[in-house]
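There's a structure below that I have some questions on.
The values are calculated or read from the model by the stated rules, or taken from the named source; none is laboratory data. These numbers come from a predicted model, not from an experiment. Here the Cβ positions follow ideal geometry from the backbone for every residue, glycine too, while neighbour counts run over all protein chains shown. With ligands, DNA and RNA removed, areas are computed over all heavy atoms of the protein, side chains included. Shrake-Rupley method; radii C 1.70, N 1.55, O 1.52, S 1.80 Å.
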Amino acid sequence: MFDVITEEAAVCPPVGRALHVAPLVQEGDRVSQGGAVACLRHSPEIKFVAPIAGHVASIVLLPGRHLSEIVIYREDGDAVERHDTELAHSVAGLRRLMQSAGVWQWVRRRPFGGMPSADETPAAIVVMATDTRPGAPDPRHALDGREEDLSLGLAALARLTDGPVMVCAQGDRSPSWPALPNGRARLAVRGRRHPQGSAGICIHHLCPAGIEAPVWDLHAEDTAALGALLRTGMLPMTRLVRIAGAALIEGRSVRTHPGADLRQLTRRIVAPGQHVLMSGSPLEGHVARWLAPRHRQITVMPRAPARPGRHWLVAALDTSTRGAPAIPTAALTQALGAALPAAPFIRALGAGDEETAMRLGILSLLEEDLALADYVLSEGGHLKAQLRAMLDRIQAEFAP
């Protein structure tokens with residue numbers, strides 16, 4: 001494993017809803033690592049920061065001033081933004097520090113997904129020290145030698161909620177695992193089979209999210225980065241990332257940064273032939289140029305040959321006669337982590353029954369939690385799309 005700082009990097013929004021932003025820099029400006037380059041238009045205290053030091057090459061905003069990407073070219077030097085950690089002595093100051101330093105976009109809320117609002121108080125916080133997705137790097141390797149920072153980060157998170165801070169990890173507590181601070185952080189042992197290490201399944205088991213009781217989740221490595229920020233005033237931007245996929249000559253693990261250039265990271269290890277670069281796992285990743293803010297996997301797959309076109313009438317008739325029902329099976333129950341009853345849950349999603357779905361636990365889930373179930377269903381799988389549509393309806397009808 002080695003460190004790679006790519007020559008180009010981009011500040012991108014987290015996967016999910018589009019974000020209205022206001023740029024804080026112009027093309028050609030020099031920025032330090034961790035320096036603010038944009039903020040949310042309606043919550044300017046929440047900043048997006050540069051993953052590397054360099055100069056701003058381009059700022060791409062979609063209609064409505066939605067952030068697409070802010071591309072940065074690396075320059076020699078080690079300019080790093082320093083933050084005043086004295087702010088963090090109070091809970092309000094800790095929030096401001098996390099929001100201004102760029103930690104906030106690594107936090108994800110449930111229900112509905114996305115970043116928490118600037119003043120939201122969670123009912124619980126779940127720290128993911130396990131990842132069971134195929135090919136995912138083991139978070140424990142990313143935490144080697146960072147026990148102090150992890151403990152500081154957990155203690156800080158415990159100040160943001162009156163509820164528990166749950167640390168989900170594989171196996172029993174090991175001698176290298178830090179003592180969990182102040183009795184508020186608790187260790188939850190999870191299994192090794194996917195999706196037992198999926199954040200939504202863990203939240204559903206341990207502390208189900210509700211409309212009036214949001215739950216946050218955060219990766220353990222990002223929690224250690226928060227601890228390092230509090231200790232040094234500088235936010236570490238590197239993370240352990242696994243590069244894997246059927247189109248590679250060899251897979252590898254690297255330490256790189258959010259927004260890294262996927263083309264540079266996979267250069268010389270891609271097999272000859274056309275391929276597709278994806279940020280994320282093979283189950284729920286998406287085609288991309290840059291590593292998404294929360295992703296720790298890069299997947300390289302062979303490009304599927306184009307299918308010969310069919311006459312539009314034949315295609316329409318074929319589609320209209322295809323029922324493609326989602327039949328609950330033992331495999332589908334396993335793909336839901338045995339956390340949800342497959343038959344009633346699939347039926348509620350398909351019928352648009354929001355009340356039953358909420359009673360069964362839909363508010364703890366996001367699309368990535370159903371990615372394996374969609375894979376099991378193959379071409380008949382539309383659970384992720386049905387989940388998102390139902391969450392949007394619930395948010396519109398029930399959320400304050």
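Would you confirm, using the coordinates I've provided, whether Gly35 is open to solvent by 40 Å² or more (accessible area, probe 1.4 Å), free of Cβ contacts under 8 Å to residues at least 60 places away in the same chain, of a type in the set (Gly, Ala, Ser) and farther than 28 Å from Lys384 by Cβ? Give the steps one after another, and end with the answer.
Working: open to solvent by 40 Å² or more (accessible area, probe 1.4 Å): no; free of Cβ contacts under 8 Å to residues at least 60 places away in the same chain: yes; of a type in the set (Gly, Ala, Ser): yes; farther than 28 Å from Lys384 by Cβ: yes.
It is false that Gly35 is open to solvent by 40 Å² or more (accessible area, probe 1.4 Å), free of Cβ contacts under 8 Å to residues at least 60 places away in the same chain, of a type in the set (Gly, Ala, Ser) and farther than 28 Å from Lys384 by Cβ.
Now for a different question. Write out, first by first residue and then by second, each pair whose Cβ atoms fall under 7 Å of each other, whose residues are 6+ apart or on separate chains, and whose first residue, in the range 183-196, is in contact (Cβ under 8 Å) with a residue 60 or more places away in the chain while the second is buried (at least 17 other Cβ atoms within 10 Å of the Cβ) and acidic (Asp, Glu).
Pro195/Asp369
Continuing with this model, one more query. I'd like to check something: does the range 9-20 contain any residue that is under 22 Å from Ser279 (Cα atoms), of a type in the set (Gly, Ala, Ser), in contact with a strand residue (DSSP E or B) (Cβ under 7 Å, 6 or more places away or on another chain) and at pLDDT 95 or above? If you could, list the steps in order and put the result at the bottom.
Initial filter on the range 9-20 (under 22 Å from Ser279 (Cα atoms)): 9-19.
With of a type in the set (Gly, Ala, Ser) added as a condition, the list becomes 9-10, 16, 18.
Remaining after also requiring in contact with a strand residue (DSSP E or B) (Cβ under 7 Å, 6 or more places away or on another chain): 9-10, 18.
After this cut, where a residue has to be at pLDDT 95 or above as well, the list is 9-10.
Within the range 9-20 (the criterion being under 22 Å from Ser279 (Cα atoms), of a type in the set (Gly, Ala, Ser), in contact with a strand residue (DSSP E or B) (Cβ under 7 Å, 6 or more places away or on another chain) and at pLDDT 95 or above), the answer is yes, since at least one residue qualifies.
Considering each of Leu160, Leu218 in turn, give the residue that is farther than 24 Å from Gly337 by Cβ, modelled with pLDDT of 95 or more and not charged (D, E, K, R). Give the steps one after another, and end with the answer.
Numbers: Leu218 fails: farther than 24 Å from Gly337 by Cβ.
Result of the check over Leu160, Leu218: Leu160.
Out of the helices (runs of 4 or more DSSP H) lying entirely within the range 328-400, which hold 1 or more residues that are farther than 13 Å from Phe112 by Cα, open to solvent by 10 Å² or more (accessible area, probe 1.4 Å) and of a type in the set (Asp, Glu)?
354-360, 371-377
Looking at Met115, is it in contact with a Cys (Cβ under 8 Å, 6 or more places away or on another chain), closer than 25 Å to Gly361 by Cβ, buried (at least 21 other Cβ atoms within 10 Å of the Cβ) and of a type outside the set (S, T, N, Q)? Quick ask: steps written out before the conclusion?
Values: in contact with a Cys (Cβ under 8 Å, 6 or more places away or on another chain): no; closer than 25 Å to Gly361 by Cβ: yes; buried (at least 21 other Cβ atoms within 10 Å of the Cβ): yes; of a type outside the set (S, T, N, Q): yes.
It is false that Met115 is in contact with a Cys (Cβ under 8 Å, 6 or more places away or on another chain), closer than 25 Å to Gly361 by Cβ, buried (at least 21 other Cβ atoms within 10 Å of the Cβ) and of a type outside the set (S, T, N, Q).
When the range 102-139 is examined, which residues are found to be without any contact (Cβ under 8 Å) to a residue 60 or more places away in the chain, among the acidic types (Asp, Glu) and more than 15 Å from Gly197 (Cα to Cα)?
Asp119
Are there any pairs with C-beta distances below 6 angstrom linking a residue in the range 347-365 that is at pLDDT below 95 to a residue that is surrounded by fewer than 16 Cβ atoms within 10 Å (Cβ to Cβ), with the two at least 6 apart or on different chains, and if so which?
That search, which allows pairs on different chains as well, returns Ala348/Thr356.
If you don't mind, another one. Can you pull out every residue in the range 329-376 that is among the basic types (Lys, Arg) and closer than 24 Å to Pro214 by Cα?
First, the residues of the range 329-376 that are among the basic types (Lys, Arg): 347, 359.
Result: Arg359, single match.
I'd like the full set of residues that are closer than 13 Å to Ala57 by Cβ and part of a loop (DSSP other than H, G, I, E, B), limited to the range 7-30.
Within the range 7-30, Glu7, Val25, Gln26, Glu27, Gly28, Asp29 meet the criteria.
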